[in-house]
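*Asks:* This is the structure I want to talk about, given as structure tokens.
The values are calculated or read from the model by the stated rules, or taken from the named source; none is laboratory data. Note that this is a predicted model, so its numbers are computed, not measured. Using ideal geometry, Cβ is built from the backbone for each residue, glycine included, and neighbour counts are taken over all protein chains shown. These area figures cover heavy atoms from the full protein model, side chains too; ligands, DNA and RNA do not enter into them. Shrake-Rupley method; radii C 1.70, N 1.55, O 1.52, S 1.80 Å.
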Amino acid sequence: MSANPVVIEFNDGWDAQIKTKALDVLEKHLNEGIDKIKGRLFEHKTYSDIYTVCYNMCTQRTPYNHSEKLYEKHSETISMYLQKHVLPALKGKQDVFLLKELQTRWQHHTIMNKWMREFFMYLDRYFVKHHNLKPLSTAGLTHFKTLVYDECKTEVADAMLIIVDTEREGNTIDRTLMKQIVSVFETMGLGGTGEADANGGHAKDALGAYNSDLEEPLLVSTRNFYGRRREEWIAVDSTPDYLVKAEKALNQEKERVGAYFNLSSESKVLKVCEEELLENCQTTLLEKEGSGCKVLLSNDKTEDLERMFKLFNRLDNGLVPMAAIVKEFIESVGMSHISTREAKIKAAEAEGKKEKNDDPDFVKALLATHAKYVDLIKAHLSNHPLFQQALKDAFATIMNNDVGSTTNAELISTYCDRLLKAGGEKLSEAEIEHYLDSIVELFTYLRDKDYFGEVFRNQLAKRLLNQKSASDDLEKSMISKLKAQVGSQFTSKMEGMMNDLTTADEHDKLFKDFQKLPSETDKCPLDTSVQVLTTGNWPSYKKPELLLPKAMQPAVDQFERYFKGTNEQRRITWMFSLGTVKVKATFFGKEKKSYDLELATLQGAALLAFEDGEELTFEELSQKLDLKTEVLKPVMHSLCCGKFKVIAKNPANNKVKETDKFSPNAKFKNNNKRVKIPMASLDSNVNTKKVEEDRSVNIDASLVRIMKSRKTLGHQALVAEVLEQMVLFKPDARAIKKRIESLLEREYLERSENGNNVYNYLA
């Protein structure tokens, strides 16, 4: 039969075994210094013996179970050690010496806490767990927090902040020491609560001590430090120099937090820095005389602008003031181009000259300005939407600020005409494509896009009809670019014009074959080419009645025979104001001279009226050609008052009157055998009346669409929806109201019984 186990009395177990063999030895080692400790503090046998004593004292039956007393002694031992050795060691120390001593004592405490838990492990596993007590390691941290940390935390935090400012001043510090002290603050959050989450991690307020005892003073200190720095820098530095320093400071603070503070502090520290270095002086920096945002834009300081963008982008709504300045600056650059154009117009008027309907230098300046700031925003301002909008708003103001009698819409269309016209700008196709893209970008800013469309369509028609287009591919490319911006309705007639020319070429080939028929070979000696166009696609032109000379009539008759045979259902109308003719003219002066004259059809008919060499009065010529006065005058002016005076006028002056007489100019001479005689167009460049009519139709259509969908709508809401739908132009409220009144009269709408400002749709 085995002997009963020996019962261990508390004093015997504690004093003779645990305290003497373990705790006193542990305290001795710690007092000697942690650097003296080599390897394990206790041999395995010693540790095993102490553990066994603790185990037995915890597993003896009541009244000899000493678990509760051991738990109390554990706390008492740690508390006494902290009060006896740690607090006196810290007392009286300051600055870095305080931090070093705390770091040493914290390491000692960590070792002591570890071994105390090792010795009392069984107690920790069962007694503590079953009685819902603080785990031994947490209890040890709690004692350190209560007895040591709470006593010195303020002095320690102050010492750390002094060292941080020292580093900010450019001095070297012991970052390892700082990181170790920060870890004390971090651990105290857990030690103060003694709690862990379900996964064994830190509780939600695990950083509570760090946040309240170190982070909050750090933020205050940081604000004060950079508040002083801001005042110093702003007083002496230019905006770019200031921003370089601010950027450097922000980078250093980010790196500093990463080096030894808790990473959760990064955003808070940087926010304080941003407020002090950027937000609190943003207006001053942006508007600083000699170096603010406008000056940087003016001097193309792209690197400084990019830095300014990146720094102010860190602030909530920090880019709004900068974007406003960029808009204002771009607008001022554009308005300077407009002022230059206005000065040119006034100078021309002072010299008695008419305003030109084109200004390529002005358009090029606008294109260059737009391209410059598009590139700036893309390359250096991250293509940020605020700056895109700033550019858009600025150019909307610029492009809709017309001076003189020629609108900006006409000017950019006319420049486009130069690009697309043969012999215009000497550029490669790739360069022309680039310019066309840029012109379309300017086009998007126009309020009256329909007016541009009408001008462009007229100019396109002239290029196509006069065979002056440099490239059909470029024409189609430009039309497709416009189509992509505002839709197919805008370009449908332009596309129809291009298609007409393709059909016209087919007609011309068939007509050539028709002329070769045996029945037609001797009917017309003239080399005739006819373009058949669809009326609805082309601009409206004057259709003067013309009694063709005998030499020209056979060509018309022959084509009509051909066309009637192939298109019985279609009727053709001759547009004599658009055609061209080549006339071989011989002038019998002192010397017989022959010339090949290139003329408009009306010019050719008028010149052939003098085939017999006789003198004709204005009235006789009008009757002979069956032309009205308003048509005949510009025709004769081109023949007898222009550069090439093939007709002599009596009296000889530069104005054609109905009392004048005309005859062939026997004295006409020219060094070139081939002479092209220009003539002013009978049609105005843009049919503004048609533009206004189209606008009325578009507004009516929009109103009906909206009301058909909504059935009933108030006046203001209806006007707002119409404005939103209008892409090609922006009508004013009065124009919309006028169209509403028209629809009311035509009974598409009615006023609601609920009020005069409410309308109902009538199906």
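*Asks:* Are there DSSP H segments in the chain that both extend 30 Å or more along their axis (alpha-carbon positions) and score a mean Kyte-Doolittle hydropathy of at least -1.0? List them, or say none.
*Replies:* Working: long enough: 95-119 (36 Å, -0.72); 216-236 (31 Å, -0.60); 239-260 (31 Å, -0.96); 319-350 (46 Å, 0.42); 488-515 (39 Å, -0.96); 688-710 (33 Å, -0.73).
Qualifying helices, which must be both long enough and hydrophobic enough, are 95-119, 216-236, 239-260, 319-350, 488-515, 688-710.
*Asks:* Work out, step by step, the length gained on full extension between residue 383 and residue 364: first 0.36 nm times the residue separation, then minus their alpha carbon distance; give nm to one decimal.
*Replies:* Here the segment from residue 383 to residue 364 would lengthen by 4.5 nm.
*Asks:* Expressed as a rounded percentage, what relative contact order does the range 461-539 have, with Cα pairs under 8 Å and six or more residues apart?
*Replies:* 35
*Asks:* Something else: Mind jotting down the distance between the C-alpha centroids of the range 222-242 and the range 608-657, whole Å?
*Replies:* Here the answer is 82 Å between Cα centres.
*Asks:* Can you tell me how much longer the chain between residue 154 and residue 485 gets when fully stretched, taken as 0.36 nm per residue apart minus their C-alpha distance, in nm with one decimal?
*Replies:* Here the answer is 112.5 nm.
*Asks:* Using a 1.4 Å probe, how large is the accessible area of residue 117, given in Å² and rounded to the nearest 10?
*Replies:* Probe radius 1.4 Å; accessible area of residue 117 about 90 Å².
*Asks:* Using only alpha carbon pairs under 8 Å that are at least six residues apart, calculate the relative contact order of the range 656-763 and give it in whole percent.
*Replies:* 25
*Asks:* Further, regarding this structure: Sum -39500 (n - 2.57) across every DSSP H segment of at least 4 residues in the chain, then divide by the residue count to get the 222 nm mean residue ellipticity, nearest 500.
*Replies:* Taken over the chain, the calculation gives -19000 deg cm²/dmol.
*Asks:* Same structure again: What ranking, highest mean first, results for peptides 339-348, 453-462, 745-754 when packing means the other Cβ atoms within 10 Å averaged over each residue?
*Replies:* Numbers: 339-348: 14.7, 453-462: 22.5, 745-754: 12.5.
The peptides rank, most packed first, as 453-462, 339-348, 745-754.
*Asks:* In square angstrom, rounded to the nearest 10, how much accessible surface does residue 575 have for a 1.4 Å probe?
*Replies:* The value for residue 575 is about 60 Å².
*Asks:* Counting only C-alpha contacts under 8 Å and six or more residues apart, can you give the relative contact order of the range 327-469 as a whole percent?
*Replies:* Dividing the mean separation by the residue count of the range 327-469 yields 28 percent.
*Asks:* Can you give the accessible area of residue 761 in Å² (nearest 10), computed on protein heavy atoms with a 1.4 Å probe?
*Replies:* 50
*Asks:* Cα centroids of the range 273-328 and the range 353-373: how far apart, whole angstrom?
*Replies:* Cα centres, the range 273-328 to the range 353-373: 30 Å.
*Asks:* Counting only protein chains, not ligands or nucleic acids, how are 692, 351 ordered by accessible area (probe 1.4 Å), most first?
*Replies:* In descending accessible area the options line up as 351, 692.
*Asks:* Next question. Report which label in (i) 157, 63, 61; (ii) 84, 69, 55; (iii) 158, 70, 36 holds the value of Cα extents along the principal axes in Å derived from the coordinates of this structure.
*Replies:* Identified label for the calculated read-out: (i).
*Asks:* Enter the per residue convex hull volume of the range 338-400, computed from alpha-carbon coordinates, in Å³ rounded to the nearest integer.
*Replies:* Details: hull volume 4.8 nm³, N = 63.
Normalising the Cα hull of the range 338-400 by residue number yields 76 Å³.
*Asks:* For residue 332 and residue 506, what does the FRET efficiency come to when R0 = 56 Å and r is the distance between their Cβ atoms, rounded to the nearest 0.05?
*Replies:* So, using R0 = 56 Å, E works out to roughly 0.55.
*Asks:* If 741, 274, 328 are ordered by their accessible area, calculated over protein heavy atoms with a 1.4 Å probe, which sequence runs from highest to lowest?
*Replies:* Ranked from most to least accessible, the order is 328, 741, 274.
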